[in-house]
Amino acid sequence: MSDPFSFIPLAVAARGGELDGVPAARLVAAGVSLLQRSAPLVRALTGRRSAILMPTTPQVFAAIGASGGRGAVLINPLASPVEVAYQVADAGVGAVFTVRELEDKLPISLPRVLLDEAPRQAQVIMDGRSSDVALEFHDGLALEGEQDAPGSDDEAAIVYTSAMAGRPLGAILTHRNLLTNARATVAAAALTTADHSLALLPFTHAFGLVVSGLAPLLAGGRVTCMPRFHPVRAIELLEGRDISLLVGVPAVFGALLNVLAKREMPLRAPGLRFCICGGAPLPREWQDRWADLTGVELRQGYGLTEAGPVCLFNDIDEPNRRGTIGSPFRGVRVAIHDPLTGAELPDEQVGEIWVAGDNVSPGYVGGASTGLQRMNGWLRTGDLARRRPDGNLEFVGLVKEMFTRSGFNIYPRELERVVGELAGVTSVRVYATPSAGREHDIAMDVTGTVTEDAVRAWCEERLSAYKQPTEVRVTT
């Protein structure tokens, strides 16, 4: 391997960072050892992609190491078994790295590796047989090369998104895409070996992986993982440990603000210096309250999966422009264009955000063409903004058919397709309703000879937890 540090697991292993007190190098080495010691796993993955179905835990990085530099499908742990089956089939997955609590979501015949006890050992299950593979004999990796080498253009991750046409598409992200964006995050947040990130978001979400995981580890820092977000416990961690970096979506910060308001006491976290919010529009008043209760600015950014993901940000070396999504991120070109004519627009005019750079995905699994479009080297995001004279952008709305809920994308046509497959349903309309705590809730109008309970049961079986409808109205 001529440039080993062009690959994410090896680049991370080289920096000396830790996750929950376990050296990242040891986790990656355990994954590499797994490939060396399990011939059945190697055979299952030959010519195929891997998949990672795990909560936010250090073992995710063992899975990244065991993927051997091939593209790994990052599956949201909230996904339903039907969604999991679709993604692994569509991406051509040969084996899945997971844990016992999520194993039942997998197709029964699909090879899987249980990493509950990594980096000590793994359990490989395939062809009806199970074998334990010891990994702890290998604590490190001896590699030489340029640690800041550009990322490889090989696949690193596949994240399913952009279901505007009814079915999610697998956005391909290369090692170059993710390393470029993570290194830019290190610079934008001035991260060092002294930094300590609280990882609240899924590592299977590009924002959570890059900003709360890869970036602090590439800086040689520490990461504390929170497999399930609970606002009271998060406050305890912020106040009980020297956390310096907090990354979340608006729903996360809204929940934390509610805890602080109920106890009528500011946050006591002297180590906290940098708070980042993305994934959905952030209310300006929440930024004001956060600064009042913590003494730390809540800096908003903007991005999307197909752009690796960060495109705009309020950098730490600039005053925080509350109410904006920031200015172009390092290495990212951003322009505002007329969504109908494609003409570039001047400041203060509302238009579509177009982005370009080494962070932008090369495309979708199978070459799908129904996702976000490209024009002359630019990715058309489907999002609307206004650029201020100071170079910062204000988010205005959407061109694409979607909305957000707790930072996750909701595509009405996907939900309409799924519910439309229920026997007795003649038509479905899905739309957003306002929600103070999680941006939007989901309303569903169904016509047909079905009951509300039947529709809800169908959704629970086939859709992720965050896609479950809040309101279901059935008419005949």
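Observations
- Cβ pairs under 9 Å, 6+ apart, first in the range 11-23 and touching a residue at least 24 places away in the same chain (Cβ under 8 Å), second in a loop (DSSP other than H, G, I, E, B) and of a type in the set (Val, Ile, Thr): ARG15/THR193; GLY16/THR193; GLY17/THR193; LEU19/THR57; ASP20/THR57
- Pairs are defined by a Cβ separation below 7 Å, a sequence spacing of at least 6 or placement on different chains, a first member in the range 452-476 that is free of Cβ contacts under 8 Å to residues at least 60 places away in the same chain, and a second member that is part of a loop (DSSP other than H, G, I, E, B) and loosely packed, with under 12 Cβ neighbours inside 10 Å; the pairs so defined are THR476/THR449.
- Near pairs, Cβ below 7 angstrom, 6+ apart or cross-chain, from the range 392-419 (surrounded by fewer than 20 Cβ atoms within 10 Å (Cβ to Cβ)) to any residue that is modelled with pLDDT of 95 or more and part of a helix (DSSP H, G or I): GLU401/PRO412; GLU401/ARG413
- Check on GLY342, in the same structural domain as PHE203 (by TED's automatic domain parsing), in a helix (DSSP H, G or I) and surrounded by fewer than 19 Cβ atoms within 10 Å (Cβ to Cβ): no
- Elements of type helices (runs of 4 or more DSSP H) contained in the range 22-77, each with 1 or more residues being crowded, with 22+ Cβ neighbours inside 10 Å and in contact with a His (Cβ under 9 Å, 6 or more places away or on another chain): 24-37
- Only one entry in ARG263, ARG299 is basic (Lys, Arg) and at pLDDT 95 or above, namely ARG299.
- Top-ranked residue in the range 364-391 [being surrounded by fewer than 18 Cβ atoms within 10 Å (Cβ to Cβ) and basic (Lys, Arg); ranked as farthest from TYR411 (Cα to Cα)]: ARG388
- Filter result for LEU372 (within 21 Å of the chain's Cα centre (by Cα) and either not in a loop (DSSP other than H, G, I, E, B) or not aromatic (Phe, Trp, Tyr) (or both)): yes
- Restricting attention to the range 80-122, the residues that are of a type in the set (S, T, N, Q) and not in a loop (DSSP other than H, G, I, E, B) add up to 3.
- Qualifying residues in the range 284-333 (those that are touching a residue at least 40 places away in the same chain (Cβ under 8 Å), in contact with a helix residue (DSSP H, G or I) (Cβ under 8 Å, 6 or more places away or on another chain) and in a strand (DSSP E or B)) - the one surrounded by the most Cβ atoms within 10 Å (Cβ to Cβ): VAL310
- Among the residues of the range 255-310, the ones that are charged (D, E, K, R) and over 24 Å from the mean Cα position of the chain (by Cα) come to 8 in all.
- Residue ID - surrounded by the fewest Cβ atoms within 10 Å (Cβ to Cβ), chosen from residues in the range 229-250 that are over 9 Å from LEU198 (Cβ atoms) and modelled with pLDDT under 95: GLY240
- Unmet requirement for VAL450, which otherwise passes all of (1) at pLDDT below 95; (2) in a loop (DSSP other than H, G, I, E, B): (1)
- ASP195 being among the charged types (D, E, K, R), touching a Ser or Thr at 6+ places or on another chain (Cβ under 9 Å), touching a residue at least 24 places away in the same chain (Cβ under 8 Å) and closer than 21 Å to PHE253 by Cβ: yes
- Restricting ALA39, ALA13, ALA51, ALA62 to those that are in contact with a helix residue (DSSP H, G or I) (Cβ under 8 Å, 6 or more places away or on another chain), assigned by TED's automatic domain parsing to the domain that holds GLU101, more than 21 Å from ARG228 (Cα to Cα) and of a type in the set (Gly, Ala, Ser) reduces the list to ALA13.
The values are calculated or read from the model by the stated rules, or taken from the named source; none is laboratory data. Computed from a predicted model, the values in this text were never measured in an experiment. Counting neighbours? That spans all protein chains shown, and the Cβs are built from the backbone with ideal geometry, glycine included.
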